[in-house]
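Here the structure comes first, spelled out in structure tokens, and everything after it is commentary.
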Amino acid sequence: QVQLVESGGGLVQAGGSLRLSCAASGRTFSTYGMGWFRQAPGKEREFVAAISESGFITGYGDSLKGRFTISRDNAKNTVYLQMNSLKPEDTAVYYCAAAYYSYSDRSGAYSHWGQGTQVTVSS
């Protein structure tokens, strides 16, 4: 079992930056691919980024690459999402998720989810 706890959300002005963290419990973090998703009010959950178990392979949602960067530190059981040049349309609850020996842009591929952290970007 993996338990995930996100942090780092908050209120930021457009053009600003935030770094989200997702801390995982357990000793098997390095066997899980990790993903970030977001959900805005009234919208479906959207893929943001994913990273393989080793961290060597990453993927991003459309239009996010170049502004968002996913990374992980397996020694700290933590995955990060660096978000730069934030826009009001980035406002959402951001969730991290874990998939055993896998990573994907599909939310259904992930078996463990955090509770989410709110990101609000003001114009």
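The values are calculated or read from the model by the stated rules, or taken from the named source; none is laboratory data. Fair warning: this is a prediction, and the values are worked out from it, not measured in the lab. Don't worry about glycine lacking a Cβ; one is built from the backbone with ideal geometry, like all the others, and counts go over all protein chains shown. With ligands, DNA and RNA removed, areas are computed over all heavy atoms of the protein, side chains included. Shrake-Rupley method; radii C 1.70, N 1.55, O 1.52, S 1.80 Å.
Going 7 Å from the Cα of Y100 along its beta-carbon direction, which residues of the stretch 27-46 have the amide nitrogen within less than 13 Å of the resulting point? Output list for this probe position: 28-29, 31-33. Given R0 = 22 Å, the distance between the Cβ atoms of Q39 and D73 translates into a calculated FRET efficiency of 0.30. Listed by chain and number, the lysines placed with their C-alpha closer than 28 angstrom to that of K43 are K65, K87; residues fewer than eight positions away on the same chain are left out.
Kirkwood radius for the chain, taken over all pairs of different Cα atoms as the inverse mean of 1/r, rounds to 14.0 Å.
When the chain is described by a simple charge dipole with +1 on each Lys and Arg Cβ and -1 on each Asp and Glu Cβ, the residue from G8, A99, S85 located farthest towards its positive end is G8.
A cut-off of 5 Å between modelled amide H atoms, ignoring neighbours fewer than 5 places along the same chain, links G10 with V119, T120.
Using a Gaussian network model of the chain whose springs link C-alpha atoms within less than 10 Å, name the residue from Y101, Y60, Y80 with the highest mean-square fluctuation. Fluctuation is largest for Y101.
Across the chain, the mean sequence separation of Cα contacts (distance under 8 Å, 6 or more residues apart), normalised by length, yields a relative contact order of 36 percent.
Here S25 sits with roughly 50 square angstrom of accessible surface, probe radius 1.4 Å.
Shown in residue order for the stretch 5-16 are the 3J(HN,Hα) couplings computed by the Karplus curve 6.51 cos²θ - 1.76 cosθ + 1.60 at θ = phi - 60°: 10, 8, 7, x, x, x, 9, 9, 7, 3, x, x Hz (x for Gly and Pro). Within the chain, antiparallel bridges make up roughly 90 percent of the DSSP beta bridges whose residues both belong there. For the chain, a crude dipole built from +1 on the beta carbon of Lys and Arg and -1 on the beta carbon of Asp and Glu, taken about the Cα centre, is about 140 debye to the nearest 20.
Applying 1/(1 + (r/R0)^6) with R0 = 22 Å to the Cβ-Cβ distance of I57 and K87 gives a FRET efficiency near 0.25.
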